[in-house]
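Peer 1: After the structure tokens below, expect a handful of questions from me.
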Amino acid sequence: MASDLAPDDRAVPTIRRLAPDIAIVDVRPGEEAGLDLVRRIRAIPVEVILTSSAPRSSFPANLDGFDFVAKADLCNRALKDHIDWRTHAYQDD
């Protein structure tokens with residue numbers, strides 16, 4: 001399923017209703033809208049990956065603990081590898 005949501009007041013209820021396994025959030029340097037959205041959906045059980053066409057170095061060092069995949073690297077294989085790694089990391093805890 002894919003959905004293009006604006007980072008506004010409707011995004012969080014829509015994410016709750018759709019209940020996706022993963023949310024890929026496009027962020028832009030200097031704009032807080034995308035980062036604010038991921039902060040608000042932190043309580044929803046959804047895996048969040050941040051992406052941007054800007055380089056990773058354009059953003060704060062920790063991005064509030066969310067993972068980052070550059071748009072140039074964003075493909076099915078990269079997402080599968082990321083999810084497999086995260087699943088394995090959680091199972092080792």
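Peer 1: Return a yes/no flag: does segment 43-59 have any residue that is in a helix (DSSP H, G or I) and among the hydrophobic types (A, V, I, L, M, F, W, C).
Peer 2: No, that holds for no residue.
Peer 1: Only one residue in PRO55, PRO7, PRO29 is at pLDDT 80 or above and not hydrophobic (A, V, I, L, M, F, W, C), so which one is that?
Peer 2: Of PRO55, PRO7, PRO29, the one residue that is at pLDDT 80 or above and not hydrophobic (A, V, I, L, M, F, W, C) is PRO55.
Peer 1: Continuing with this model, one more query. When segment 60-86 is examined, which residues are found to be open to solvent by 40 Å² or more (accessible area, probe 1.4 Å), part of a loop (DSSP other than H, G, I, E, B) and not polar (S, T, N, Q)?
Peer 2: Within segment 60-86, PRO60, ALA61, LEU74, CYS75 qualify.
Peer 1: Could you give every pair whose Cβ atoms fall below 6 Å, whose first residue belongs to segment 32-58 and is within 13 Å of ILE15 (Cβ to Cβ) and in contact (Cβ under 8 Å) with a residue 12 or more places away in the chain, and whose second residue is among the β-branched types (Val, Ile, Thr) and not in a strand (DSSP E or B), counting only separations of at least 6 or pairs across chains?
Peer 2: ARG40/VAL12; ILE41/VAL12; ILE41/ILE15; ILE44/ILE15; VAL48/VAL38
Peer 1: Let me ask another. Any idea how many residues of segment 18-42 are open to solvent by less than 30 Å² (accessible area, probe 1.4 Å), in a helix (DSSP H, G or I) and touching an Asp or Glu at 6+ places or on another chain (Cβ under 8 Å)?
Peer 2: 3
The values are calculated or read from the model by the stated rules, or taken from the named source; none is laboratory data. These figures come from a predicted structure and were not determined experimentally. Please note: Cβ atoms are built from the backbone with ideal geometry, for glycine as well, and neighbour counts cover all protein chains shown. All accessible areas refer to the heavy atoms of the entire protein, side chains included, with ligands and DNA or RNA removed. Shrake-Rupley method; radii C 1.70, N 1.55, O 1.52, S 1.80 Å.
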